2 protein chains.
Amino acid sequence: MSKPARHVLPQERTSKNMKKTSLNDIAERLGVSKTLVSLVLNGRGKEHRISEEVCRKVIELAKELNYQPNQIAKGLRTGKTNTIGLIIADIANPFFGKLGREIENEASKHGYRVMFCSSDEKAEKSKQQIGMLMQGQVDGFIISPPTGSEAQIQELQKRKIPYVLVDRYFPQIESSYIVVDNFQASYDATMHLAKQGYRRIACLSTQSNLINMNQRLEGYKSALADSGLEVLEERIKTVSFTHEKNDILLAIKQLLQEEKERADAILFTTSKIGIMGLECIHSLGVKIPDDVAVVSFDDPDAYRISNPTITAIAQPLTEIGSQSVKVLMELMSPSKEKSKPQKITLKTNFIVRRSSER
Amino acid sequence: MSKPARHVLPQERTSKNMKKTSLNDIAERLGVSKTLVSLVLNGRGKEHRISEEVCRKVIELAKELNYQPNQIAKGLRTGKTNTIGLIIADIANPFFGKLGREIENEASKHGYRVMFCSSDEKAEKSKQQIGMLMQGQVDGFIISPPTGSEAQIQELQKRKIPYVLVDRYFPQIESSYIVVDNFQASYDATMHLAKQGYRRIACLSTQSNLINMNQRLEGYKSALADSGLEVLEERIKTVSFTHEKNDILLAIKQLLQEEKERADAILFTTSKIGIMGLECIHSLGVKIPDDVAVVSFDDPDAYRISNPTITAIAQPLTEIGSQSVKVLMELMSPSKEKSKPQKITLKTNFIVRRSSER
DNA sequence: CTGAAAGCGCTTACAG
DNA sequence: CTGAAAGCGCTTACAG
């Protein structure tokens, strides 16, 4: 009885990893089948009425051999990876970093891990990243989709791959999403400035047609109108993602210096712009809030230790994170195949600090 | 000729995913073997002298069917996942967020993805996370090991699982690591304060015996000694990870108010402590640098927009990130099985700003 | 109560 | 130049 020739893997196992124990090892040592071991170790022993005696033995040996089920093999068999793909603009941006952390926490409660990709707000990048992760690596996605990524999202839709959008969405595509009420947040912030007596309120935003940014602009404009203030196009500046630093300096100079009617307040629509904007303001020697008041979306650490402290529109990151995971979990559960997309809009938290005092 | 009964997966495939195309689909449609298709699609057609005609056909059909190789299946077969496990304290902490981003960038150049876990500096957490990811999910680890995680690292060592440590390491364990010269950085920063004429220089650090923190303390003490200044234990305060906020406020009060000989400068050994510390200092109405000078490790955005701007010890995050991936890649390459651990110490960048001006 | 067998989608040593 | 077959480590429908 000659054994059939054993195939040898390219990376020889023996030197590496000291041969991890597999289901088979346990089965052989105990003289039972893999089936039984698998059942027992998955806690389905009782249900299959396997004797307590046998169960105990299996569990003991598994512990002794420090058995760790190979998730890859499990994944191949079951079609589940227990992994979420997270596509955001930049994990180094504290806004997304904090969001990522909240998603990690909630995912972990459901037994899920997360894989992240930074798209830098570039549609080509997110397309490549989604494509890569779609190759059987993740069970679903949480995505903050960049400008121009509609087709990718539609592709996910078409392929019935579970996903939820965060921070922004595409109105023409039926998706689940978790966002904040950007219009209201922006409206309230601008009203606050107007009530404090500021008359020449400017807005510095990003050059994108993403819905969240558009809504922030609209909220700003509406508040001006409702306060009897004029909406001047030259007080609305937008900056690109790529040359942000220069663009912002230029915009702020125009807002504060070159015009006759210089702005007496600025609304920043993201913390990234806000932080750079504040640097520019300081470098120009302009005083906050005496020369110009400042309000910004998001609430990074920097705004609390800034002097003066910066009035902020804080987003409920914990809730955005946990809700996005929860909704994704529902989409991924086999039972709820036909459930409607969930569209969740959360309130922001307006924190008045010294930068907008009169 | 009755077909053998086809097994049906629990999650019925037909409704989901519209049956992704597999190697087999292509092979069948073309009337060739899976082997051939696999070879061609992996660019090994020439090498195996498969006719150009056939190669072209395979590649064409693959494109047409939008074939995406199933990475899980590939992983099971080859034992490689092309994924790195990243264990850091907290992805929401901008220091680790930026590091994560750099690691992501470099990993992507090598065709790798990254999975992150936040350990909150808790050994139990990192143990659980490493254990989870070790179940065939990642090819190697980049870890910022918390206090008390020596055994976990030794376990990786024992199992010959590739890993590299960042930010800190355990001197008693032979590992590859990428760190900065913490002693020198701290020494230089303290000397800078001494040269500016500050005499009562305090240090606020974390309650941990991690080597990086110890070295920062040692650098501080050495510089005091070399400047002819006394090292007073009551000027060295440490705070726990859990109650940081309260601890810091208390420590700063003690440093600045309750003592007769109040501190005239403070060295913060992390940006997390630094940011909270600055908040406390502001809330106490103490002026920087007139009442107390400030220097901090790390260089978050906050330090540039703070008023005054904060003198910082910036770590070369790009290089730490890229080096850690490069070293890990070497460890994971089958050729270099026996190479010695790489121990890399990088220089920090001292940025003098207004918070330490005299 | 338990086991033999199929199969997830790949890669690769081997044979021709 | 090409294919049949084994096998990575699991899970599960089916048979007894």
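The values are calculated or read from the model by the stated rules, or taken from the named source; none is laboratory data. Small disclaimer: the values here were computed from a predicted structure and weren't measured. In this analysis, Cβ positions are derived from the backbone assuming ideal geometry, glycine residues included, and neighbour counts consider all displayed protein chains. Keep in mind that these areas ignore ligands, DNA and RNA; they rest on the heavy atoms of the full protein, side chains included. Shrake-Rupley method; radii C 1.70, N 1.55, O 1.52, S 1.80 Å.
When the stretch A:291-311 is examined, which residues are found to be more than 13 Å from chain B (Cβ to nearest Cβ) and either open to solvent by 10 Å² or more (accessible area, probe 1.4 Å) or over 16 Å from B:N307 (Cα atoms) (or both)?
Scanning the stretch A:291-311 gives A:D291, A:V295, A:F297.
Failed condition for A:I173, given (1) at pLDDT 95 or above; (2) of a type in the set (A, V, I, L, M); (3) crowded, with 18+ Cβ neighbours inside 10 Å, with all others met?
(3)
Of all residues being among the β-branched types (V, I, T) and closer than 15 Å to A:I211 by Cα in the stretch A:126-148, which is nearest to the other protein chains (Cβ to nearest Cβ)? Just the residue, please.
Taking the candidates together, the pick is A:I143.
Given A:A62, A:A107, A:A123, which one is under 27 Å from the mean Cα position of the chain (by Cα) and either away from chain B (no Cβ under 11 Å) or over 29 Å from B:R159 (Cβ atoms) (or both)?
A:A123
Each row is one residue, and each column tells you yes or no for (1) open to solvent by less than 20 Å² (accessible area, probe 1.4 Å); (2) within 13 Å of chain B (Cβ to nearest Cβ).
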site	(1), (2)
A:T83	yes, yes
A:E102	no, yes
A:E150	no, no
A:I161	no, yes
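Only one of (1) touching a Lys or Arg at 6+ places or on another chain (Cβ under 7 Å); (2) small (G, A, S); (3) part of a loop (DSSP other than H, G, I, E, B) fails for B:S186. Which number is that?
Looking at each condition in turn, B:S186 falls short on (3).
Which condition number does B:P145 fail, the rest of (1) on the phi > 0 side of the Ramachandran plot; (2) touching a Lys or Arg at 6+ places or on another chain (Cβ under 8 Å) being met?
(1)
Determine which member of the set A:N17, A:N93 is away from DNA strand C (no atom under 13 Å from the Cβ) and at pLDDT below 90.
A:N17
Residue by residue through the stretch B:257-290, note down the ones that are farther than 27 Å from A:I275 by Cα and open to solvent by 10 Å² or more (accessible area, probe 1.4 Å).
Taking the stretch B:257-290 and keeping what is farther than 27 Å from A:I275 by Cα, we get B:257-264.
B:Q257, B:E258, B:E259, B:K260, B:E261, B:R262, B:D264 - these are the residues of the stretch B:257-290 that are farther than 27 Å from A:I275 by Cα and open to solvent by 10 Å² or more (accessible area, probe 1.4 Å).
Can you name the number of the only condition in (1) free of Cβ contacts under 8 Å to residues at least 12 places away in the same chain; (2) loosely packed, with under 15 Cβ neighbours inside 10 Å; (3) closer than 28 Å to B:D301 by Cα that B:E233 fails?
Every condition holds for B:E233 apart from (3).
Does B:S322 satisfy being open to solvent by less than 50 Å² (accessible area, probe 1.4 Å), at pLDDT below 95 and out of contact with any strand residue (DSSP E or B) (no Cβ under 9 Å at 6 or more places or on another chain)?
Answer is no for this residue.
Is it the case that the stretch B:72-80 has a residue that's modelled with pLDDT of 95 or more, within 25 Å of A:S108 (Cα to Cα), of a type outside the set (A, V, I, L, M) and assigned to a helix (DSSP H, G or I)?
no
For the stretch B:85-100, give me each residue that is more than 7 Å from chain A (Cβ to nearest Cβ) and among the hydrophobic types (A, V, I, L, M, F, W, C).
Those that are more than 7 Å from chain A (Cβ to nearest Cβ) and among the hydrophobic types (A, V, I, L, M, F, W, C): B:L86, B:I87, B:I88, B:A89, B:F95, B:F96, B:L99.
Can you pull out every residue in the stretch B:29-46 that is away from every other protein chain (no Cβ under 14 Å), part of a helix (DSSP H, G or I) and more than 9 Å from DNA strand D (Cβ to nearest atom)? Steps first, please.
So the first thing to find is which residues in the stretch B:29-46 are away from every other protein chain (no Cβ under 14 Å), and the list is B:29-40, B:43, B:45-46.
Subset that is part of a helix (DSSP H, G or I): B:29-30, B:34-40.
B:R29, the sole residue that qualifies.
Scan the stretch B:34-46 and tell me whether some residue there is away from DNA strand C (no atom under 11 Å from the Cβ), open to solvent by less than 40 Å² (accessible area, probe 1.4 Å) and either assigned by TED's automatic domain parsing to the domain that holds B:K122 or at pLDDT below 85 (or both).
yes
Open to solvent by 40 Å² or more (accessible area, probe 1.4 Å) and at pLDDT below 85: is that true of A:H110 in this structure?
Working: open to solvent by 40 Å² or more (accessible area, probe 1.4 Å): yes; at pLDDT below 85: no.
The answer is no for A:H110.
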